[in-house]
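A.B. asks: Before I ask anything, let me first share the structure, which is written out below as structure tokens.
The values are calculated or read from the model by the stated rules, or taken from the named source; none is laboratory data. All of these numbers come straight from a predicted model, not from anything done at the bench. Note: ideal-geometry Cβ built from the backbone for every residue, glycine included; neighbour counts use all protein chains shown.
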Amino acid sequence: MYDGVKIIIGIIIFLVLLLFPAWYQVGKAAKVPDPKLAEKALKAEQCVEPKLFMKTQHMKLLDEWRDEVVRSADRYYQSSSGKTYYKSLQVTCMDCHSSKKEFCDQCHDYLGVVPYCWDCHIEPKENG
Amino acid sequence: MNFILGILFSIVVVSILVFIPWIGVWAWDLRFVFGVIVPYAAIAIFIMGILYRVIGWARSPVPFRIPTTAGQQKSLAWIKPNRIDNPSNAFGVIIRMAFEVLLFRSLFRNTSLEFRQGNRITYEWEKWLWVAALAFHYSFLVVVLRHLRFFTEPIPAFVHWIENLDGFLEMGIAPFSGFSLPGILISGFVLLAALTYLFLRRLYISQTRYISLPADYFPLFLIIGIATTGVLMRYMGAFMQFIFGADWFSVPVVNVKELAMGLVTFHPVIPEDIGTIFYIHLFLVSILLAYFPFSKLMHMGGIFLSPTRNLSNNNRMVRHVNPWDYPVKTHTYEEYEDEFREKMVEAGLPVEKISEESAEDKTGSSEEAEKE
């Protein structure tokens with residue numbers, strides 16, 4: 001092998017960069033998101049829409065709600081289950097999901113998502 | 001190969017690669033195969049293949065410095081050398097390599113040669129290839145680095161910075177409600193646009209069309225497939241819901257991260273609820289990784305080993321000994337005569353040195369001849 005030292009240094013740099021996620025994790029307790037449902041949410045059994053839909057589409061639903069409420073004062077949402085909900089983050093969503101820290105932040109922090117809800121809405125004050 | 005055939009072949013191959021995980025996961029439920037085994041195999045092939053290729057290159061000698069450079073070589077004291085384009089030391093080489101690796105300087109030098117005014121050749125400033133190459137490579141890099149949010153816990157700060165920068169554009173409800181949530185990331189669209197341009201350029205310019213092979217179209221289509229599945233998953237869920245009433249595109253990212261973290265920590269898990277489109281995305285990425293070392297994509301490693309870029313032009317200062325100069329077997333005329341002297345003498349050929357035996361023979365025979 002010609003220029004063996006340089007080649008091996010290059011290969012080591014390549015492997016260290018490539019395997020960054022693997023060695024970065026070593027010695028760190030993997031935090032798993034654990035969104036806690038408050039009692040009221042547990043009692044209701046289902047959110048506005050089915051669970052998987054809420055998991056993947058809640059941000060789009062909230063965005064739609066905001067536009068419809070702000071622009072056309074349309075305050076009522078007809079769910080696919082037939083129920084009608086009042087479109088409001090603070091009044092409807094946060095009524096069941098009362099703790100931002102124990103519910104919203106769990107997954108958002110896990111995935112590095114910073115939603116801009118709280119640019120306008122007042123963030124609930126929670127201790128701990 | 002006809003270029004239409006080349007394109008068709010590549011499209012068919014990529015389509016097959018899309019259908020394999022589609023059928024495998026959707027019909028046969030082989031989630032473990034496509035979610036764990038294939039990605040591990042792909043990364044193993046990727047690493048081994050790259051090591052194999054790089055070591056293979058390192059074993060090839062580059063005995064002499066190649067001075068095909070665009071600058072004045074260092075020579076006499078009163079001639080100003082170009083220290084970067086024709087470097088005589090390691091510092092200049094590092095700068096030149098940095099320009100090449102980070103800014104694609106060779107592509108920047110691209111000119112197009114055309115007949116524009118009758119028979120007069122014109123060289124035109126042609127930077128579109130360079131621009132598209134920069135857009136493609138850097139947006140791809142940003143996309144890859146952004147994906148680290150799925151592979152690290154806690155997410156390192158630089159990933160947040162990249163994502164914030166990438167997602168600075170807020171589009172509201174454009175082009176339709178739900179598209180721009182959760183947040184538009186520009187890099188994905190730049191990536192697709194640059195890939196489309198590079199493909200169309202290949203077709204449009206007759207010379208590049210003529211030299212293009214399936215090996216050129218296939219990686220383009222493969223990466224287009226990867227980017228498209230990624231964009232569909234991130235942005236098109238609401239559209240799908242609106243049109244078909246069922247959302248096959250959105251995937252729960254928490255579950256996706258669980259899968260990714262399982263792979264990274266070597267405790268693979270297959271979470272529920274991840275749609276088939278995610279496995280298609282993952283399979284195409286695995287194919288890209290496995291294909292990488294054996295294709296033109298290896299220019300990622302090869303650029304560091306380009307002999308016209310990474311060697312200082314010090315031919316006049318340092319003696320470079322050709323490493324394949326072994327002691328050549330020679331057979332001099334003296335040795336030749338030693339070997340064949342007797343036969344030469346017998347045949348009456350002139351020899352330079354007469355050995356004692358043959359000299360005696362010769363004198364004896366000549367004496368006899370004289371007697372006769």
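A.B. asks: Looking at (1) free of Cβ contacts under 8 Å to residues at least 24 places away in the same chain; (2) in a helix (DSSP H, G or I); (3) in contact with a Pro (Cβ under 8 Å, 6 or more places away or on another chain); (4) of a type outside the set (A, V, I, L, M), which is the only condition B:Gly35 fails?
C.D. replies: (1)
Results for (1) at pLDDT below 95; (2) within 18 Å of B:Val33 (Cβ to Cβ); (3) crowded, with 20+ Cβ neighbours inside 10 Å; (4) of a type outside the set (A, V, I, L, M), shown as yes or no for each residue.
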position: B:Tyr235; (1), (2), (3), (4): yes, no, yes, yes
position: B:Phe242; (1), (2), (3), (4): yes, no, no, yes
position: B:Trp248; (1), (2), (3), (4): yes, no, no, yes
position: B:Met261; (1), (2), (3), (4): yes, no, yes, no
position: B:His267; (1), (2), (3), (4): yes, yes, no, yes
position: B:Glu272; (1), (2), (3), (4): yes, yes, no, yes
position: B:Ile287; (1), (2), (3), (4): no, yes, yes, no
position: B:Ala290; (1), (2), (3), (4): no, yes, no, no
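A.B. asks: Given the range B:177-287, what helices (runs of 4 or more DSSP H) lie entirely inside it while holding 2 or more residues that are closer than 21 Å to A:Met54 by Cα? Before the answer, list the steps.
C.D. replies: Values: elements: B:186-204, B:206-211, B:214-235, B:237-244, B:253-264.
Answer list for the range B:177-287: B:214-235, B:237-244, B:253-264.
A.B. asks: Looking at B:Phe150, is it within 30 Å of A:Trp65 (Cα to Cα), within 27 Å of the chain's Cα centre (by Cα) and assigned to a helix (DSSP H, G or I)?
C.D. replies: Yes.
A.B. asks: I'm checking my understanding of the structure. Among residues of the range A:93-124 that are among the β-branched types (Val, Ile, Thr) and under 16 Å from A:Lys60 (Cα atoms), which one is farthest from the other protein chains (Cβ to nearest Cβ)?
C.D. replies: A:Val114
A.B. asks: For the range B:113-124, which positions are farther than 18 Å from B:Tyr204 by Cβ and either without any contact (Cβ under 8 Å) to a residue 12 or more places away in the chain or hydrophobic (A, V, I, L, M, F, W, C) (or both)?
C.D. replies: Of everything in the range B:113-124, those that are farther than 18 Å from B:Tyr204 by Cβ and either without any contact (Cβ under 8 Å) to a residue 12 or more places away in the chain or hydrophobic (A, V, I, L, M, F, W, C) (or both) turn out to be B:Gln117, B:Gly118, B:Asn119, B:Arg120, B:Ile121, B:Thr122.
A.B. asks: Just to be sure I understand, how many residues within the range B:1-57 are among the polar types (S, T, N, Q) and either within 20 Å of B:Pro271 (Cβ to Cβ) or more than 22 Å from the chain's Cα centre (by Cα) (or both)? Spell out how you get there, then give the answer.
C.D. replies: Filtering the range B:1-57 down to residues among the polar types (S, T, N, Q) leaves B:2, B:10, B:15.
Within this subset, residues satisfying the condition of being either within 20 Å of B:Pro271 (Cβ to Cβ) or more than 22 Å from the chain's Cα centre (by Cα) (or both) are B:2, B:15.
Residues flagged as among the polar types (S, T, N, Q) and either within 20 Å of B:Pro271 (Cβ to Cβ) or more than 22 Å from the chain's Cα centre (by Cα) (or both) within the range B:1-57 amount to 2.
A.B. asks: Just one of (1) more than 30 Å from B:Pro175 (Cα to Cα); (2) within 29 Å of the chain's Cα centre (by Cα); (3) in contact (Cβ under 8 Å) with a residue 40 or more places away in the chain; (4) surrounded by fewer than 20 Cβ atoms within 10 Å (Cβ to Cβ) trips up B:Val231, so point out which.
C.D. replies: (1)
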